[in-house]
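Below: the structure, in structure tokens.
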Amino acid sequence: MHSSAEIFDDIDQLGDKFAETLAVRVKECAGRRFFLALSGGRTPESLMHRLTLPGLRDAAPWEKVELFFTDERPVGPDHPDSNYGMVQRAWLDSGAVPEGQVHRMQGEAGSLAAEAERYEDLITRIVPPGPTSFPAFDLIVLGIGDDGHVASLFPGTKALDETMRVTTVNHVPKLGLDRLTITFPVINAAREIWMIVCGESKSAAVARALSGPPQSLIEPLPVSLVHPAYGKMKWWLDRAAASKWKAESRTA
């Protein structure tokens, strides 16, 4: 695994580079479909909006994107907490990605277990497998929570140990609810992973994940379980998020 990191002055500088680089990645797909999975949250909302700005909306063949989501809350698409809803409002309403190529998790489904199976079947059918035999996304964009969770893979939850499924339902006791989420095997099968983190509240988790004590001595943060099997991983950090990270550990 190749891992690297870049520190930006603020979210605006990071966001500009994110949008420009994503456009380049999609252009590099050379006419084939580009398989992308996005997470939700406040930081991605700001980044997604940049893709609608003049100069970027037409900077890549966005019609080649097959868009999936890393996780979803148990709400409908119009709910303010919906990850899909956030991406729709921030980017997809611009019409860049054809509606038929936007594949949302149906958080409002009566049975989340059945929805997890449906979404797993969908990913498996559309996204080609990689060397690990799991579907290999071209790019998975993740963020982390203050507690080090990624997607809806929270500390101490059952889904952290899932090794067979692509998508599952994960019960999160601290939130008192279930969430839909992709699993570590499919995250780690990606060709590229971008870990985007902004804000001082995330700095302790960043420092622990990148240069903390040996994971054998403590319970690992979920983000520490992200290890691309054959792909590469990049941390995108603003200065606040990187503030507790030792300088000598900035490139792995």
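The values are calculated or read from the model by the stated rules, or taken from the named source; none is laboratory data. It should be emphasised that the depicted structure is a prediction, and the values quoted were computed from it without experimental measurement. All Cβ positions, even for glycine, are placed from backbone atoms using ideal geometry, and neighbour counts span all protein chains on display.
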* **The listed residue being modelled with pLDDT of 95 or more and aliphatic (A, V, I, L, M), out of Ala96, Ala109, Ala90** => Ala109
* Identify the residue in segment 20-30 that is touching a residue at least 40 places away in the same chain (Cβ under 8 Å) and in a helix (DSSP H, G or I) and, among all such residues, is surrounded by the most Cβ atoms within 10 Å (Cβ to Cβ). => Leu22
* Asked: Looking at Arg250, Arg191, Arg239, which is the one that is surrounded by fewer than 17 Cβ atoms within 10 Å (Cβ to Cβ), under 30 Å from Glu28 (Cβ atoms) and at pLDDT below 95?
  -> Arg250
* Asked: What is the residue count in segment 14-45 for residues that are modelled with pLDDT of 95 or more and of a type in the set (S, T, N, Q)?
  -> 1
* Structure fact -> Sole miss for Ser4 among (1) modelled with pLDDT under 95; (2) not in a strand (DSSP E or B) is condition (2)
